[in-house]
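Presented below is the structure to which this report refers.
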Amino acid sequence: MNNVKNTLKSAHNRSSIAILITAAALMLLISAIQQYSARKQIRNDLERNAEMELVIKSIAVKHSLEDVELALRNRNWEFEQFLPYPDSLFAITRRIVEQNPDFDGCCIAVVPNYYPEKGRLFEPYTVRRGDSIETVQLASEEHDYSKNKDFILAAKNDSSFWGEPYPDESDPKVTLITYTFPIHDEFGDIAAVVGVDYNAEELGKMLNARHMFPSSYHILISGQGKLICGPEEVGNTHQLAEETLDMINDSTFERHASSTGHSTLLSFIDNEDGSKGYVFYSSPKSIKPWRIAVVNYDDEVFEPLIKIRWRDLLLTMAGLLVLAFIVQRSAKNISKLQQATLEREHIDSELNIARKIQMDMLPKGEENALRDDCDVVGLLDPARMVGGDLYDHFIRDEKLYFCIGDVSGKGVPAALVMAVAHTLFRSISAHESNPARIMQALNETSCQRNEQNMFVTMFIGVLDLPTGRLRYCNAGHDKPFVIGEETKQLPAKPHLPLGVMDNMIYTTQETVLLSGETLFLYTDGLTEAMNEGHEQFGLKRVEKGLKDCINKESLASENLIRTMINRVNGFVDGAEQSDDLTMLAIHYTPQEKPIVFCETLNLNNKVSEITKLNAFVKSATATLNMEIGLANKIKLAVEEAVTNIIDYAYQNGTEGNISVIIEADESRIRFILTDSGAEFDPTGVSKADTTLTVEERPIGGLGVFLVRNLMDSINYERVDGKNVLRMEKRYA
């Protein structure tokens, strides 16, 4: 009997051990499968993110190159006008180099024997050498540009193009690329070819300004496989940009197409530390035949997975102990319930964090709390823990930039798209004031790799605070309301939402907000809010709520938002929220103070007129009993602003007028500068980096820097074909 008991006990122990071993093997197998799936997912995400970055960077490269091309095309009339006067071409090349800090040189290679008095070859050339600029006649029998392949190609095909990169003769570390542009005479025949040498270092800085990972970097490759630009500095433990280029150009190197087919993937192992890396490169349509590549490293890509692997190992060991306890105590159901509860709490915790991150992205009320000309209040109430609605607003150069949007769908996927759209709006509108162009850039990015076919309805507006001029663009969103003496919907053209069609053309519309009027924007979560009977709140109830605010004279943004949220909450009466709800109210309240001084001065666009301007400003500041130090600062700022207009708004030899209006109330003085020259926005000029030395600092930008720092505010608008620049300073 004892032998039977011992046998049964031994069998029971062996069975328990077998269960534990089987459970351990299953858990390890599941962990391995999870690791494999997670690694595959991270790899897929890496491909998508790398390709998205390549597209965004290629668009940025395209815009940089288009700026260079536009700088030459805008001077085409000047080339053609001064062709009969060969000596004037020297001054044109010099102006081009002086006015474009990124241009290393500019030449005009004239068709042989075009000017008999100048000989067979004639080539005015201006080159930047350090801080100096030199202009020479470069052509000679030793330097016969007529044999240059770029000259031959431009003259033969009558086309403009970018050439191959080459090192600067004066500094081999600097890489240049030349844009070639043909010039025609009055008969339509090619008379000369313009070439401008562009410093590729600026492209390299732009490409490598931001990366997915700390050690990532981008390179730009020409159609013939030459390095155009790369990072300024690469870590000692990783491949250099030249080595990456060699791998791409080496046809024996193993490579394959990405899973999406939009780029080519090349894997390599660093010879110094044995780390594995990936090169993604493609030739986007926007910059063909050039190629762009991004390099990422295995240790950074899969760093989160390594941490998860150790965590999974610890969890596996803990699971075995729990399983042993379950076998001994027969408490399997209790253990499963505990584990499910923990997982649920973990998910809820992560969703709470995601909700907090999403809410932190929204603008804070204190951003415009100190202003007395506008009152902006927004509200976002997601139907789930996270949602797909967004709104944003900020003030730059006396303009209020704002947007409201609604992503198709709800939950985490919509929240991710919302975060991208919100970030892109902030990034693009930081240097662009045209709502249609902001919308166009957003749409181009939204259409890239939109495999889930998600789209975003959006309304973007730019409100000029001194004048009330509102420019806006609508992409399939609900029309906003303007509330003043009456309530009316703002007319909006029916553009398609973002992410639907990549070649969609968006246009800007314009209106004027009057003092005291409020602009009310909302998502369809307001009009489609439903009660228990599945009845929708509807547009009529929205209009009635807004009209009630007029009757109660409570058009302040906070009062309006509070009224609408109370109305919709009372309507749904506790019913489950079916969609994200977002509202944005902008109450325009410019403060008009009595004018105590107003005079006007008309100037010609000549530097000699500055003396007259200074006397005019000095007289005004003296009349206002302004402190001498402050008056001198104001005079310097106005002088810099008018000098900018003379230099940039009117071409050399073109006559024009500049109107200078000085207005002052009891505490502020305003200068309104108006000219009818070429469109020039000084607020869009890059700010000068005063931390650099004189040798390192690029030419230009200091005048705008002075104006920004000497005046309290500056504001630019293009109105009726004229440039209008407003500057304001508190003096009392």
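The values are calculated or read from the model by the stated rules, or taken from the named source; none is laboratory data. Values in this document were obtained by computation on a predicted structure and should not be read as measured data. In this analysis, Cβ positions are derived from the backbone assuming ideal geometry, glycine residues included, and neighbour counts consider all displayed protein chains. Heavy atoms of the whole protein, side chains included, go into the accessibility calculation; ligands, DNA and RNA do not. Shrake-Rupley method; radii C 1.70, N 1.55, O 1.52, S 1.80 Å.
For region 581-605, the candidate set comprises residues that are under 39 Å from the mean Cα position of the chain (by Cα) and farther than 30 Å from residue 516 by Cα; within that set, the residue that is surrounded by the most Cβ atoms within 10 Å (Cβ to Cβ) is 603. Of the residues contained in region 396-414, one or more are found to be open to solvent by 40 Å² or more (accessible area, probe 1.4 Å), among the aliphatic types (A, V, I, L, M) and part of a helix (DSSP H, G or I).
Within region 109-119, which residues are surrounded by 17 or more Cβ atoms within 10 Å (Cβ to Cβ) and not aliphatic (A, V, I, L, M)? Result: 114, 115.
Do we have residue 37 as modelled with pLDDT of 80 or more and open to solvent by less than 80 Å² (accessible area, probe 1.4 Å) here?
In short, yes.
Cβ-Cβ contacts under 8 Å between residues 6 or more apart (or on different chains), taken from a first residue in region 719-732 that is at positive phi to a second residue that is open to solvent by 20 Å² or more (accessible area, probe 1.4 Å), are listed as 721/676. Candidates are the residues of region 40-69 that are β-branched (Val, Ile, Thr) and open to solvent by less than 60 Å² (accessible area, probe 1.4 Å); the one that is farthest from residue 680 (Cα to Cα) is 42.
Yes/no per residue for (1) among the small types (Gly, Ala, Ser); (2) open to solvent by less than 20 Å² (accessible area, probe 1.4 Å); (3) part of a helix (DSSP H, G or I); (4) modelled with pLDDT under 80:
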{"residue": "273", "(1), (2), (3), (4)": "no, no, no, yes"}
{"residue": "278", "(1), (2), (3), (4)": "no, yes, no, no"}
{"residue": "306", "(1), (2), (3), (4)": "no, no, yes, yes"}
{"residue": "321", "(1), (2), (3), (4)": "no, no, yes, no"}
{"residue": "337", "(1), (2), (3), (4)": "no, no, yes, yes"}
{"residue": "346", "(1), (2), (3), (4)": "no, no, yes, yes"}
{"residue": "359", "(1), (2), (3), (4)": "no, no, yes, yes"}
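Taking region 34-62 as the range and being of a type in the set (D, E, K, R), in contact with a strand residue (DSSP E or B) (Cβ under 8 Å, 6 or more places away or on another chain) and closer than 14 Å to residue 445 by Cα as the test, the residues that pass are 51, 53, 57. Within region 70-85, the set of residues being open to solvent by 30 Å² or more (accessible area, probe 1.4 Å) and in a helix (DSSP H, G or I) comprises 70, 73, 76, 77, 80, 81, 82. Among the residues making up region 144-160, a single one is open to solvent by 50 Å² or more (accessible area, probe 1.4 Å), more than 37 Å from the chain's Cα centre (by Cα) and touching a residue at least 12 places away in the same chain (Cβ under 8 Å): 148. Every condition in (1) within 24 Å of residue 289 (Cβ to Cβ); (2) open to solvent by less than 70 Å² (accessible area, probe 1.4 Å); (3) touching a residue at least 60 places away in the same chain (Cβ under 8 Å); (4) in a loop (DSSP other than H, G, I, E, B) holds for residue 224 except the one numbered (2). Total residues in region 391-421 satisfying the condition of being touching a strand residue (DSSP E or B) at 6+ places or on another chain (Cβ under 9 Å) and closer than 26 Å to residue 512 by Cα: the figure is 15. Annotation note: of 108, 96, the sole residue that is modelled with pLDDT of 90 or more, over 28 Å from residue 438 (Cβ atoms) and either under 34 Å from the mean Cα position of the chain (by Cα) or aromatic (Phe, Trp, Tyr) (or both) is 96.
Determine, yes or no, whether residue 446 is open to solvent by 60 Å² or more (accessible area, probe 1.4 Å) and among the hydroxyl-bearing types (Ser, Thr, Tyr). So residue 446 does not fit the description; no. Tell me yes or no: at least one residue of region 626-639 is touching a Gly at 6+ places or on another chain (Cβ under 9 Å), crowded, with 19+ Cβ neighbours inside 10 Å and closer than 30 Å to residue 67 by Cα. No: region 626-639 contains no residue that is touching a Gly at 6+ places or on another chain (Cβ under 9 Å), crowded, with 19+ Cβ neighbours inside 10 Å and closer than 30 Å to residue 67 by Cα. When 91, 109 are checked against the criterion of being among the small types (Gly, Ala, Ser) and in contact with a Gly (Cβ under 8 Å, 6 or more places away or on another chain), a single residue qualifies: 109. Scanning region 120-139 for residues that are open to solvent by 40 Å² or more (accessible area, probe 1.4 Å) and among the small types (Gly, Ala, Ser) returns 130, 132. Filtering 608, 578, 667 for residues that are within 30 Å of residue 530 (Cα to Cα) and surrounded by fewer than 17 Cβ atoms within 10 Å (Cβ to Cβ) leaves a single hit, 578. Candidates in region 86-108 are the residues that are among the acidic types (Asp, Glu) and part of a loop (DSSP other than H, G, I, E, B); of these, the one that is surrounded by the most Cβ atoms within 10 Å (Cβ to Cβ) is 102.
Is one or more of the residues making up region 419-427 at pLDDT below 90, open to solvent by 30 Å² or more (accessible area, probe 1.4 Å) and assigned to a loop (DSSP other than H, G, I, E, B)? Within region 419-427, none of the residues are at pLDDT below 90, open to solvent by 30 Å² or more (accessible area, probe 1.4 Å) and assigned to a loop (DSSP other than H, G, I, E, B).
Within region 628-674, the set of residues being in a loop (DSSP other than H, G, I, E, B), more than 18 Å from residue 716 (Cα to Cα) and in contact (Cβ under 8 Å) with a residue 40 or more places away in the chain comprises 651, 652, 654, 655, 656, 665, 666, 667. Residues of region 168-186 that are open to solvent by less than 80 Å² (accessible area, probe 1.4 Å) and under 17 Å from residue 103 (Cα atoms): 168, 170, 171, 174, 175, 176, 177, 178, 179, 180, 181.
Matching residues to (1) in contact with a Gly (Cβ under 9 Å, 6 or more places away or on another chain); (2) at pLDDT below 85:
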| position | (1), (2) |
| --- | --- |
| 184 | no, no |
| 199 | no, no |
| 212 | no, yes |
| 241 | yes, yes |
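For (1) small (Gly, Ala, Ser); (2) more than 11 Å from residue 675 (Cα to Cα), each residue gets a yes or a no:
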position	(1), (2)
628	no, yes
632	no, yes
635	no, yes
641	yes, yes
652	no, yes
657	no, no
661	no, yes
665	no, yes
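Inclusion of residue 525 among residues that are out of contact with any Pro (no Cβ under 6 Å at 6 or more places or on another chain), at pLDDT below 95, part of a helix (DSSP H, G or I) and under 23 Å from residue 425 (Cα atoms) is warranted. On the stretch given as region 381-390, residues that are surrounded by fewer than 23 Cβ atoms within 10 Å (Cβ to Cβ) and either part of a helix (DSSP H, G or I) or in contact with a Ser or Thr (Cβ under 6 Å, 6 or more places away or on another chain) (or both) total 0.
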